[in-house]
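The structure appears below as structure tokens.
What follows draws every value from the coordinates through simple rules; no lab data is involved. Keep in mind the model is a prediction, meaning the values are calculated, not measured. Ideal geometry is used to build each Cβ from the backbone, glycine not excepted, and the neighbour counts take in all protein chains shown.
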Amino acid sequence: MQSGNAARGSFGSQLGVILASAGSAVGLGNIWRFPTEVGKGGGAAFILIYLGFIFLIAMPVMISEFIIGRSARSNAIGAFQKLAPGKLWVAAGIMGVLGGFLVLSFYSVVAGWTLHYTIQSALGQLQGLQTTVNGQQTTDFAAAFNAFVSDPWQPILYIAVFLLLTHLVVARGIRHGIERYSKLMMPMLLAIIVLLVCFSLMMPGASEGIRFLLKPDLSRVTPEVILGAMGQAFFSLSVGLGCLVTYASYFNNETRLVSSAMNVCIIDTMVAVLSGFIIFPTVFSVGIAPDAGPGLVFITLPNVFLLTFGEMPVAGYIFSLLFYVLLLLAALTSSISMHEICTAFISEHFSHSRKRAAAIVTIVCLVLGSFCSLSFGPWQEVTIFGRGFFDLFDYTVTKFLMPLGGLLITVFVGWWLDRKLVEGQLTNDGSISIRAMKPLLFLIRWVAPIGILVIFLNELFPLFMMN
Ligand code: PHE
């Protein structure tokens, strides 16, 4: 039953494969995290290091995930059980599914904030001095943001709505759910990006923002920045959790794994860089210092919209609305893939219908997501290993499960799996030729595992390695 392709569902077209995988990759990580990392990490210098990590390490992990998924045609855990029965490799799958639950839980919190800001901008409240804090009107976006995220109920309501949207797509299955909505949302997302880049480059003084983004400042490149670039590359390409193992299990035999991976990496990197071109020229044109993290998107940008468009309310309205819609679409296409890691496992392992499996995932993530949200408010003091739930989940996934998963996946494909099977997957059983087969296998066997190991050890023993 499990291997029955028709029973499991499959993507109907190559475009669907690329847009769904790129949808997973393009997310909050690209639109706000990448630009701020670039700003902190020395502009163009950071971009070059990041590109190195994308193409030398993260892409080989992605291709390895594709190989595992398509050859096993099973969920992230089932795939390892099939390819290596009775072996400990299944741990990589278990970590992935666990990671899927954790990442969807904390991601939904930020996605929920995005939903709130989208609605606020649609109602014209962002650029019209209309923010209300404790019943009083204020233009203090930092206060408004803090009041909102620390509220015990409101953010949880938005998490629930966001998870429900994700649920509705996943519950419909691969072709009618994930593929169909990726094909709808990704072109919208790309069109909005192009529009916003045009808007932003037309702002007076935009060139200063571009200079900030692109000036290669080598003095800012510290070991920490290099580590940050690697973490960013992994998170941004959604690798290490078996998300792409799951998606690849729905690829058909004609899907070209290497060129699909290349396309996804190129789209993801393009969106990340273009987001920088949206954010920095805009921020600099009104002379505000760029902030890092959530503050940039939920505090700095509303200020920018307000200041810049005080004179041009309609343009301000459109810009802010398009920006948050963009962020929301990006979050949604990514959260669908996180949800799918867990739904595919529960449905196949426990023989539940897809709808029921999806409902279980949604409910579990709503509970865990609420914990994360409460860690910004009433549960601020509740910590485990010194971290609130949000930070704990974020840390566990990005610093631990993703790199360890990536390491296991590349070693599994590079050293454990039968070489014939690997080459058969890469060449679609000899029907296409892969020019760079040798270098690619070298990346999978040596460069990616060693690179990840060095960085992973550095995360675990920061003091030992840094100094
Ligand atoms: N790649 C997504 C982003 O950039 C995040 C993600 C992580 C998606 C893990 C799926 C799995 O936002």
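Go through LYS87/LYS420; LYS355/LYS420; LYS183/LYS420; LYS215/LYS438; LYS215/LYS399; LYS87/LYS399 and tell me which ones have a Cα-Cα distance over 30 Å in this structure. If you can, show how the numbers build up before the last one.
Details: LYS87/LYS420 20 Å; LYS355/LYS420 37 Å; LYS183/LYS420 34 Å; LYS215/LYS438 35 Å; LYS215/LYS399 28 Å; LYS87/LYS399 25 Å.
As for pairs spanning more than 30 Å Cα to Cα, those are LYS355/LYS420; LYS183/LYS420; LYS215/LYS438.
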For LEU441, net neighbour charge (Lys/Arg +1, Asp/Glu -1) across residues whose Cβ lies under 12 Å away:
+2
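If you take the alpha carbon radius of gyration of the chain and divide it by 2.2 N^0.38 Å, what ratio comes out, to two decimals?
Numbers: Rg = 21.6 Å, N = 467, 2.2 N^0.38 = 22.7 Å.
Expressed relative to 2.2 N^0.38 Å, the Cα Rg reads 0.95.
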Rounded to whole Hz and in sequence order, give me ³J(HN,Hα) for segment 111-120 from the Karplus expression 6.51 cos²θ - 1.76 cosθ + 1.60, θ = phi - 60°, writing x for Gly and Pro.
5, x, 4, 4, 4, 4, 5, 5, 5, 4
With Rg and the Kirkwood Rh both taken from Cα atoms, where does Rg over Rh land for segment 241-296?
1.23
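Ignoring GluC sites (Glu not before Pro) that are buried or in helix or strand per DSSP, and keeping those with at most 16 other beta carbon atoms within 10 Å, what is the longest stretch of the chain between them? Don't skip to the answer; put the middle values down first.
On the way: sites that count: GLU254, GLU311, GLU381.
The longest such stretch corresponds to 1-253.
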